[in-house]
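Contents: one structure, followed by commentary.
Computed from the coordinates by the stated procedures, all read-outs in this text should not be read as laboratory data. Given the structure is predicted, the values throughout are model-derived calculations rather than measurements. Heads up, the Cβs are rebuilt from the backbone with ideal geometry, glycines too, and the neighbour counts pull from every protein chain shown.
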Amino acid sequence: MLSQESLALIDKEIAKYPPEHKQSAVMGALRIAQAEKGWLATETIEYVADYLGMPPIAAYEVATFYNMYDLKPVGRNKVTLCTNLPCQLQGADKIAEHMKAKLGVDFGETTADGRYTLVEGECMGACGEGPLCLHNNHKMHSHLTPESLDKLLDDLK
Amino acid sequence: MPNIEIDGQTIEVAQGATLMDAAHQLGIFIPHFCYHKKLSIAANCRMCLVEVEKAPKPLPACATPVTEGMKVRTHSAKAVEAQKGVMELLLINHPLDCPICDQGGECQLQDLAVGYGGSASRYAEPKRVVKEKDLGPLVATDMTRCIHCSRCVRFGQEIAGRMELGMIHRGEHTEVMPFLEQQVTSELSGNVIDLCPVGALTSKPFRYSARSWELGRRKSISPHDGLGSNLLLHVKDNKVFRAVPRENEAINECWLADRDRYAYEALNSSERLTQPMVRDGDKWIEVDWQKALTQAAGALRVLRETHGGNALAALASPHQTVEELHLVQKLMRALGSEQIEHRLAQTDFSGDTKRKGATWLGMPVAELNQLQRVLLVGATLRKEQPLIAQRLRQATKWGAQLNVVHAADDELNCRVANKLIAKPTAWVNALAQIAKALLEAGASLPAEVAGQLNNVTVSDAARAIAASLQDGERKAVLLGAVAQNHPASAQLQQLAAAIAEASGAKLGFLSPSANSVGAQIVNAQGAPANDAKGYLLLGVEPELDVHDGGQAIKALDQAEFVVALSAFKGRVMDYADVVLPIAPFSETAGSFINMEGRLQAFNPAVKPQGEARPAWKVLRVLGNQFGLAGFEHDSVEAVRAEALPQGEAGVAARLDNSIAGVALQSLAAQAGLERLGETPIYQLDPLTRRAPALQRTQDALDAACAWTNGGVIERLGLAAGNNVRVRQGGAEAVLRLCRDDRLPDDVVRVAVGPLTAHLGARFGGISLEAV
Amino acid sequence: MSTKVCMWTLDHPEPASLKTYVANGGYEALKKVLAEKMPAEQIIEQVKISGLRGRGGAGFPTGLKWSFMPRQFPGDKYIVCNTDEGEPGTFKDRDILRFNPHQLIEGMVIAGYTLGARAGYNYIHGEIFELYESWEQALEEARAAGFLGKNICGSGWDFDLHAHHGYGAYVCGEETALLESLEGKKGQPRFKPPFPASFGLYGKPTTINNTETLASIPWIVRHGGQAFLELGKPNNGGTKIFSISGHVNKPGNYEVGLGTPFAELLEMAGGVRTGHKLKAVIPGGSSAPVLPAEIMMDLTLDFDAIAKAGSMLGSGAVIVMDDSVCMVKALERLSYFYFEESCGQCTPCREGTGWMHRVIKRIEHGEGRPEDLDLLTSVGHGIAGRTICALGDAAVGPVQSFIKHFRKEFEYHIEHKKCMVGN
């Protein structure tokens, strides 16, 4: 179900916690599984739950509670734009409009070619650099302008 | 112990108690939804907010610990304002569908909304709609009504021990659901219906059949397992509409197993026998009672005169009442027969002469929660005794170590400390190993047992179990139904008793049936029936109840005359000559003695259907028909007084599990495939077998399959999922083959049921072949 | 230039490196503590003297919090750092991880020593995943240098730290939700009592401090509590990192002494966006009540002064709004945030945040009703103070304060079905 590389990463997460509390590693394990699979199918969640010895529904609770987990397939490039107040004041609304117009999709949608998924995000804790977005959950791009966004999107294959 | 004041009343409460506890002590009601005395504190519904002096904001009574001198007002303007505020928010997204909601009339939200809700809503936005869930045949859902109290989720985690429901998503989108749209499979699942404070989780079989306020409530006792759960039967128009728990902390607490809750459906089954009938060749003719009784007594009298009293045999169900079992044994003995038996699934009666009394739990049921060490022998615990399993789970939560000897390594709802999983013929050896390990660790074993252990080799698992048992206090060795029905049951008991003695544990029997103890007390047992000429059946379906169903059917086919007292038609119509319709527990008065020796009497909830009559009356009249003295009882109480002259105290004096003098002849396991033949959870008795919703559960479906491990499947060239031919002696059955790698090698789990009734004994050699 | 407690590494090349940190006195405090076998009471006393108050938002005195940990507890104890920085407007802890990760490590190790912890975890906001990775690298460096792991600084004492990441849930910034999340569950806050100091991570005594709080510890140990106190003002000791965002010319983090006038901070951030006038300020993260410009310009930035003015210093996140801002639209976005981030556990917050958001959204979209403002106030009243955690209060704070200070703007929206600001 998951590659040896992913399992090794999950084992590293597990090692951080007392042996009787393997469940603590579930957030890391789901993140690693999602990175490999692109999204979290229920079978993936069940596999992770079994690997950590926890009830599948408990892992599913976690996967549905935290909004960076994707429970449906997303495009190759998930772009999450923060639109919260500080970013909004700094121009996030315009960036959002620009992005939607350029890609022809709304928040929560994926382009027909499967290249981009747009997501509206909440505060990412970097407001001083807004407007900003996350690429595939892990890479932050800040100080966005329509021009820098164009370049970013064009670079994401 | 802190003193506090609630609503002007002062009270001293235990350290660590909550405001809710204190209010309960004073009889003050604080509105609540998420709080439940048996569940952990969630404090999420916020309905129980109360005013506490010096606290800047209202505090939840369920979660706030009392401190010395606290002054609490539960109904002050400030408290009521907070409670009303919460009620408004609970209602904004709750559908206004009370007229079509099954919970109507017994809904906590509805009840409290009367006191705390507004007459009109200020919420003008669209209401939330939640997708329906299919939780299986027992629990109906209407999740839009859910108020997110999380009781059902906590029940699974904390009581049932299986987290089958979770609350997914967050915020307003939170919803309760099972994983992957799976159905709920816990044998305690129906309790979430009682726990749900609204109509989100309701009883599926009961759905839309009656309004709660139309139903009469009748106290009763569950006639299934040996716990004797206390019931309320809800009745209308002389019909039982549902069964719900009647709280009894010493027995079922506030819970019911699904078997106790849903078996009532069988009471209204179309298979009910409601008219006496006599056989006329291949036809059945409905007759009046007089004719049926005359014919029955006449035929049996002829057999007795021709072949002697012992040519007559009675098979009686241990689910029948004390009074009925007393009369049946009295009748048989008066007719000169000792062939009476209620231990129908047992084969080994060699312990009868070596035991001093009636087998029982060996302690009060409530003591199970306090145990620190348990050895469970041959018990398919969750399915045999769902609520006992729950109690042992609570014990393990407080640190008890549960050790298991069984042929199946089933998922228990609690942590298992050590286990010895072996094929049934290896069990005597397994227990002998534990006994020997105790001996080697310095414990003193009864000499007669110790002397028989020379050739036993102790395994690590046995040593671990012995070490566990030597440690701690408050211990028990418990024998389940599988151990009691085992071909070497007496040897298992002897070893279990020795282990208990050596480790300072109590020895207990998990009585499989509602009246297993009562049947022993009234001595409804003798020599097991074999080739009698005439049979009297009391509430028995021999093909399913007797240890070797195939042989039982043969014996009945070969008998000259069979009289069946039964609440149901069914296969009894194939071999009986006279059928006499008797009233099931809900339609008669009587009593059961549960596994802790507690005598529980009950009255009828409804009148008998059709011409059915209470079995005690039928047996009394049969006695009259034979012209026997001592059958003049005019009430069930009179029968009870005769059966149990000293009442419950007399029962207690007869309970004794000790055993001595059994030779250990079965220390060597046998080679080859062996059957593990259990009574499945929903095949326990004639009622359960006819409860449609229970028969649709995963447990019922699983029980109809043959299970073995992957190694066996591969060795025999079979394929899991396909049908397989199961052979035992000359009989065979075709079953779906399923794989369970937790079964030990050589074990084929084939439970007793309609598809397997004609197979041979529950234990012993078996073979599998491709179809 | 005033003293910097946390952000001083920015004056050096390679600010985040172990080399820079050690070359400028880094890990000296730890070495001193271990070499002198400094008694825990002594460290706690210095923290108390320092006037250090929690930098995460609540401003609870750190020394007092530490003193709640049971000293003689026989089992495991834990120290947890809260870097789940997701309060809109707040972005200071990210810069500590980015520019001074070792000072946090040192602070956590000293805290672990002082509190007798078995191990420590740093819970890092999921969206700054790059810093989760870089902090793990810093941990490796510290381990390799003997500042972490077995036999720290040759003292014979073992202690380890680990990074744990969130994955998109604001509520996990609440300390008990954070603990639940750290245990691998949904981040739903726990009812208190029991408090984490007696029943925390895995049910064991646990102290949870904010990143900036813990990063201040080495400085206090090295220079003494009194010196730290003197960086600020009484009861508001030390410097504080203020995160300024919104309509200023130079948004960013500025570390200044507590008690610095707001006007001074605004100037450091390049002043209000050129061509506009200051309209309103949220002085302590989105949960803090908004204050109009005229009130704000007279305030000093410390816990007590801002509380007196009816708001809170919170996490020190200053969101600046100029005269182009429609307060209805701003509130709509904030109310959506709390609705979206409510964990769903408590009735008032689960049901009430959605109700408030829908009403505000209606007003913003020209469908407001005259009774809506009173309704919002009343619904907010039914949420605040009635939930397990402070998210309920946080959701209500903006609603109540926006309506209180800018009621005319809301009424205009309702009456004219459009914005008085003109966009």
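Kindly provide the helix-only [θ] at 222 nm of the protein assembly as shown, computed as the sum of -39,500 (n - 2.57) over DSSP H runs of four or more divided by all residues, to the nearest 500 deg cm²/dmol?
Calculated from helices alone, the mean residue ellipticity at 222 nm is -10000 deg cm²/dmol.
What ranking of B:L737, B:L755 emerges when the number of other C-beta atoms within 10 Å of each C-beta is taken as an exposure proxy, fewest first?
B:L755, B:L737
Ignore the peptide's own chain and count Cβ atoms of other chains within 10 Å of each Cβ in B:86-95; give me the average, rounded.
Across the residues of B:86-95, the mean count of other-chain Cβ atoms within 10 Å is 5.
At 20 °C and 1.002 mPa s, what whole-number value in µm²/s does Stokes-Einstein give for the translational diffusion of segment B:349-409, with Rh from the Kirkwood sum over Cα pairs?
Translational diffusion coefficient: 165 µm²/s.
By count of other Cβ within 10 Å, fewest leading, how are B:S586, A:S6 ordered?
Fewest-to-most Cβ neighbours within 10 Å comes out as A:S6, B:S586.
Using alpha carbon centroids, what distance separates segment C:248-274 and segment B:680-707, in Å?
74 Å
Restricting to Cα pairs below 8 Å that are 6+ residues apart, what does the relative contact order work out to for segment B:347-490? Please round to a whole percent.
Computed over segment B:347-490, the figure is 35 percent.
Roughly how crowded by other chains is peptide B:172-180, in terms of the mean Cβ count from those chains within 10 Å of each of its Cβ atoms?
Mean shielding count: 6.
How large is the dipole of chain C about the Cα centre if only Lys and Arg carry +1 and Asp and Glu carry -1, each at its Cβ, rounded to the nearest 20 debye?
That gives a dipole near 540 debye.
Relative to the compact globular guide of 2.2 N^0.38 Å, what is the alpha carbon radius of gyration of segment B:610-701, as a ratio?
1.78
Evaluate the relative contact order of segment C:176-303 (contact order divided by residue number), counting alpha-carbon pairs under 8 angstrom at least 6 apart; express in whole percent.
Once normalised by length, the contact order is 14 percent.
Note down the net charge around B:C414, summing +1 for each Lys or Arg and -1 for each Asp or Glu among other residues with Cβ under 13 Å from its Cβ.
In short, +4.
Work out the length of the dipole vector of segment B:68-168 about its Cα centre, built from +1 on the beta-carbon of each Lys and Arg and -1 on the beta-carbon of each Asp and Glu, and round it to the nearest 20 debye.
Roughly 360 debye for segment B:68-168.
Mind checking A:22-29 for the average number of partner chain beta-carbons within 10 Å of each residue's beta-carbon?
The shielding value for this peptide is 5.
So how far, in whole Å, is the C-alpha centre of segment B:204-233 from the one of segment C:103-144?
58 Å
Charges at C-beta only: +1 for Lys and Arg, -1 for Asp and Glu. How large is the resulting dipole of chain B about its Cα centre, in Debye rounded to 20?
The calculated dipole for chain B is roughly 720 debye.
Fully extended, how many nm does the chain gain between B:Q290 and B:A652 (0.36 nm per residue separation, minus their Cα-Cα distance)?
Here the segment from B:Q290 to B:A652 would lengthen by 126.4 nm.
May I ask which residue of C:F262, C:L391, C:G316 lies farthest towards the positive end of the charge dipole of chain C, with charges of +1 (Lys, Arg) and -1 (Asp, Glu) on Cβ and the Cα centre as origin?
C:L391
Quick one: among C:D374, C:D93, C:D84, which has the greatest mean-square fluctuation in a GNM of chain C with alpha-carbon springs under 10 angstrom?
Largest GNM mean-square fluctuation: C:D374.
Between C:K192, C:K404, C:K31, find the one with the highest GNM mean-square fluctuation for chain C; connect C-alpha pairs within less than 10 Å.
Among C:K192, C:K404, C:K31, the largest GNM mean-square fluctuation belongs to C:K192.
Which of the three applies to segment A:7-157, rounded, prolate or oblate, going by the alpha-carbon gyration tensor with a ≥ b ≥ c and a/c under 1.5 meaning rounded?
Note, shape of segment A:7-157 comes out prolate.
What share of the DSSP beta bridges in chain B is antiparallel, in percent to the nearest 5?
The antiparallel fraction comes to roughly 55 percent.
Using only Cα atoms and rounding to the nearest 10 degrees, what angle (0 to 90) does helix C:40-50 make with the longest principal axis of chain C?
Once rounded, the angle reads 40 degrees.
Around C:L64, with a cut-off of 11 angstrom between Cβ atoms, what is the net charge of the other residues, counting Lys and Arg +1 and Asp and Glu -1?
Once positives and negatives cancel, what remains is +3.
Restricting the count to DSSP beta bridges whose residues both fall in the protein assembly as shown, what percent are antiparallel, rounded to a multiple of 5?
Counting only bridges with both partners in the protein assembly as shown, antiparallel ones make up about 55 percent.
With respect to the cross-link table entries A:K94/C:K19; A:K22/C:K192; C:K4/C:K48; C:K77/C:K308; C:K308/C:K418; B:K133/B:K607, which display a Cα-Cα separation exceeding 31 Å?
A:K94/C:K19; C:K77/C:K308; C:K308/C:K418; B:K133/B:K607
So what's the gap between the Cα centers of segment B:597-671 and segment A:3-41, to the nearest angstrom?
About 60 Å separates the Cα centre of segment B:597-671 from the one of segment A:3-41.
Under 1.5 on a/c is rounded, so check that first for segment C:47-169, then, if it is not, pick prolate when a/b is larger than b/c and oblate when it is not; a ≥ b ≥ c are the square roots of the alpha carbon gyration tensor eigenvalues.
Oblate.
Arrange the following residues from fewest to most other Cβ atoms within 10 Å of their Cβ: C:I105, B:I221, B:I41.
Lowest to highest Cβ neighbour count: B:I41, B:I221, C:I105.
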